Amino acid sequence: MEIFSLNESASVANQFLAELRNVEVQNDSMRFRKNLKRLGVLMAYEISKSLKYEKKEFTTPLAKTEIPVLEHQPILLPILRAGLPYYEGFLDVFDKSYSGFIGAYRRKADDAPDGFDIYLGYSAFPDMTDKELIIIDPMLATGQSLAKSLNKVLEFGKPKMVHIAAVLSSPEGVEYLANNVEAPCRLWTCAMDEKLNEKAYIVPGLGDAGDLAYGEKL
């Protein structure tokens, strides 16, 4: 799987990442959501470089000129609920895109090897056949929720390319996706972290992105 990591070069993205991770800043939920949205804008720009463009003629007040514009807008698909602020940044860039939505979360399961399984809830998808699909999920931890979500998506059409947009990723999650998803994929992450801990949280990570953005769930 081809991987792009935004923090491999110095940019303002590192400032936003630092605030997401910093325990002295991240508990301001409004700022946390804003930083996710900012990173969404930056990552959407990076992904846009890989899409196809066509030249079209436009008329300015002074002359006609040709400008390369997107052939097709990508389909955006956030994983609820943590993916929503990150998705807002993508939607600001790809403002004519259709969107799909899918809810996925971990729940305890005593019979599962690691003590939990992935439950898929609400879902709604546009036609994705032969389209560029961007799946938006800030935390690529075990990779199980993303793989299960993507395999559900593939029941409704086969995209030309799947772009997985994460904020933080783990090596374990990347390996799981590579072994459990057949669709052509590229991973775009703001940072590749070290590992997962015994509770399957990314380390050094930032904690629970959904809780930090919207409050602790019952």
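Just so it is clear, none of the values below were taken in a lab; they were calculated from the coordinates. These numbers come from a predicted model, not from an experiment. With ideal geometry, Cβ positions are generated from the backbone for all residues, glycine too; neighbour counts draw on all protein chains shown.
Assorted remarks:
- Legend: helices of the chain (whole DSSP H runs) are marked when their alpha-carbon atoms reach 18 angstrom or more along the helix axis and their mean Kyte-Doolittle hydropathy is at least -0.5; marked are 29-48.
- Convex hull volume per residue for the stretch 125-168, taking Cα atoms only, in Å³: 60 Å³
- Applying 0.36 nm per residue to the separation of N151 and Y105 and subtracting their alpha-carbon distance, the gain on full extension is 15.0 nm.
- Between the residues L77, Q15, M139, the greatest Cα displacement towards the positive end of the dipole of the chain, with unit charges on the Cβ of Lys, Arg, Asp and Glu, is found for L77.
- Among G89, G157, G205: highest mean-square fluctuation, GNM of the chain, C-alpha pairs under 10 Å: G157
- In this Cβ point-charge picture (+1 for Lys and Arg, -1 for Asp and Glu), the chain has a dipole of about 540 debye about its Cα centre.
- Projected onto planes of every orientation and averaged, the convex hull of the alpha-carbon atoms in the stretch 77-212 covers 8.0 nm².
- FRET efficiency for the K195 to E54 pair, using the beta carbon distance and R₀ = 35 Å, is estimated at 0.20.
- Beta bridges per DSSP, both residues in the chain: antiparallel share near 40 percent.
- For the peptides 13-20, 75-82, the ranking by packing is 75-82, 13-20, with the highest mean count of neighbouring Cβ atoms within 10 Å listed first.
- Size of electric dipole in the stretch 4-102: Cβ of Lys, Arg +1 and of Asp, Glu -1, about Cα centre, debye, nearest 20: 120 debye
- Here each label is just a point 7 Å from Cα along the line to Cβ, and for Y119 and N14 those points are 4.1 nm apart.
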